[in-house]
Each structure stands twice: as structure tokens, then as C-alpha cells.
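Visitor: Got a structure for you, questions after.
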Amino acid sequence: MGEVLTNSQLGGRRNILINGAMQVAQRATSATGIQSGGYRTIDRFRFGTNGRDDGVYTNEQVSDAPSGFSSSFKVTTTTAESAIDANDLVWVAQRIEGQNLQQLKNGSSDAEKVTLSFYVKSSITGTFGVNLYKSDNTVRIINATYSISSADTWEQKVITFDGDTSGGGIDNDNTEALRVAWHLASGSTYDSTNSTSWADYSTGNWAGGHAQDGVITTTNATWQLTGVQFEVGEQATPFEHRSFGEELA
């Protein structure tokens, strides 16, 4: 019987992210009237804003999900931002502790490539940004984009990032070391530079490559996320389903 290789790991845990199937929402399953960032519903996934003038949002755990999943994280713009100013930002992110990232070999000559896969659905099509932001030692960032081709349709996206051989590595502790962020809006202050290779962080490359702000500037526009997996290697493997109890723990 042949072996099935799972990104240099036979069995065991592959998904570095927690609650990627959006099963656990201990705070609430719905939060309305959101005008600033925070952890509102789905555990581990933070909704972030900066520079908001008009925008008001809802965060929800909903049962609308692609085949094989039961939940997704849904953002709805209930009051649109009238314009995206230079200092405006809206994003969704998960922060990862350094002690869960030592297998990346970050900062060494043999730093590992990593692959991010996820399902996304939005009422707005276009090019959206996603990035990895490393906060330990020298602050580093790498930008990528994905395209939503069909409105209101679940699409799977797969993005592979090179390993970062510079920047002093990731500390083995329980503080945030790496952040995966999906951008929903960005002003020119934050997306003037598109760092498609690892680079030192500057304000201008936080949301590099992000182009579609329509979810935030359109009343009742929606964006949904589920099936998020972040793993060592150059290919996406099938989503690692964990029990509700494991994710809750």
C-alpha cells in the first residue's frame, strides 16, 4: 500500500491555524452595530478596522458553507463607508503564537515554504489582498492576492508563500509571532507597496496588492470565510477536520 505524503508530515497535525472550520463561537454567534475592531464572534478570528468614518458592520457565524463544512464567518456591511480615505483599513486575521511556529524554521537558510488554503464567498468580485505579518525580532511581511471571480459563490483559494530566511526568526513563546490577514479595504497609506517577497514591514506594505474595497463601500455587501488551513509545504492538502471538542480546547 502506497504512502500518502502530507507536506513532509505523515499523520499528526497539519493545520497550524485554530478553528479554521469556524465551528467555535463562544462569545456570540452574531454581533451587530460594529464600528471598531475586536473579537466579536468566531473564536480566534479578529475583525479589524482603522480610520472608520461611516462604516457599520455585522459579524456572524452562519450555516452557509461549502460542501464538507457546517459554518462560516460572515461580514456584512450594514452602513457603507462613503469613501476609503488614505488611513482606512478593514481586515480579518488570526494571530499565531511563536511556540506553534517553530517548524517553519523562520529566519534560517532552510526556512520552509507554507501554503494557505481557504474557501471564500462574497457579493463583490475583484482582487483582494492577504498577507503574512511576522512581528518577532525584525518585523517582516509578505503580500499576496486572490481573485473572487463569481459573486455569491463559494470558491477555494490556495496561496503558497516562500520561507523567510531573514529577520531574526520566531521566538519560542506564547506571544503573537505571525498574523494571517485577509483585507477587505485599504487606503493608500497601507497599500502603496506590494511586497510579494518577504520584506521588512513598513506602513505602506501592510495591504500591498489589495484592490477591491467594495465590500466596505457597499451597503449590504457580504464576505465569508471558512475551511482555512495553513500548513508547511508547497501544496494544499485536504482540510484537517478536528472535533468541536479539540477546537474548543
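The values are calculated or read from the model by the stated rules, or taken from the named source; none is laboratory data. Model, not experiment: these values are computed from the prediction. Note that we place each Cβ from the backbone using ideal geometry, even for glycine, and neighbour counts take in every protein chain shown. SASA here: full protein model, heavy atoms, side chains in, ligands and nucleic acids out. Shrake-Rupley method; radii C 1.70, N 1.55, O 1.52, S 1.80 Å.
Visitor: Over the chain, with the other protein chains present, what is the accessible area per residue in square angstrom, probe 1.4 angstrom? Please report the intermediate quantities before stating the final value.
Guide: Numbers: 10230 Å² over 249 residues.
In whole numbers, the chain has 41 Å² accessible per residue.
Visitor: At S70 and Y39, where each label point lies 7 Å from the Cα along Cα→Cβ, what is the point-to-point distance in nanometres?
Guide: Placing both labels 7 Å along Cα→Cβ, they lie 2.2 nm apart.
Visitor: Out of the total accessible area of the chain (probe 1.4 Å, heavy atoms of protein only), what percent is carbon and sulfur? Show your work: numbers first, answer last.
Guide: On the way: 4270 of 10230 Å².
That share works out to 42 percent.
Visitor: Here is a follow-up. What does the charge add up to near A93, with Lys and Arg as +1, Asp and Glu as -1, over the other residues with Cβ less than 9 Å from its Cβ? Don't skip to the answer; put the middle values down first.
Guide: On the way: positive: R46, R95, R179; negative: none.
Here the count lands on +3.
Visitor: Please give the net charge around T219, taking every other residue with its beta carbon less than 14 angstrom from that of T219, where Lys and Arg add +1 and Asp and Glu add -1.
Guide: On the way: positive: none; negative: D54, E81, D213.
Combined, the nearby Lys, Arg, Asp and Glu give -3.
Visitor: If the label point is 7 Å along Cα→Cβ of S150, which residues in the range 57-78 have backbone nitrogen under 16 Å from it?
Guide: So the set is 65-67.
Visitor: Give the lysines whose C-alpha is closer than 18 Å to that of K134, dropping any in the same chain fewer than 8 places away, or say none.
Guide: K105, K113
Visitor: Compute the distance from the alpha-carbon center of the range 103-172 to that of the range 34-100, in whole Å.
Guide: So the separation of the two Cα centres works out to 17 Å.
Visitor: Between F244 and T175, what length comes free when the chain is fully extended (0.36 nm per residue of separation minus the Cα-Cα distance, one decimal in nm)? Numbers along the way, then the final one.
Guide: Numbers: separation 69, 0.36 × 69 = 24.84 nm, distance 2.44 nm.
Between F244 and T175, full extension yields 22.4 nm more.
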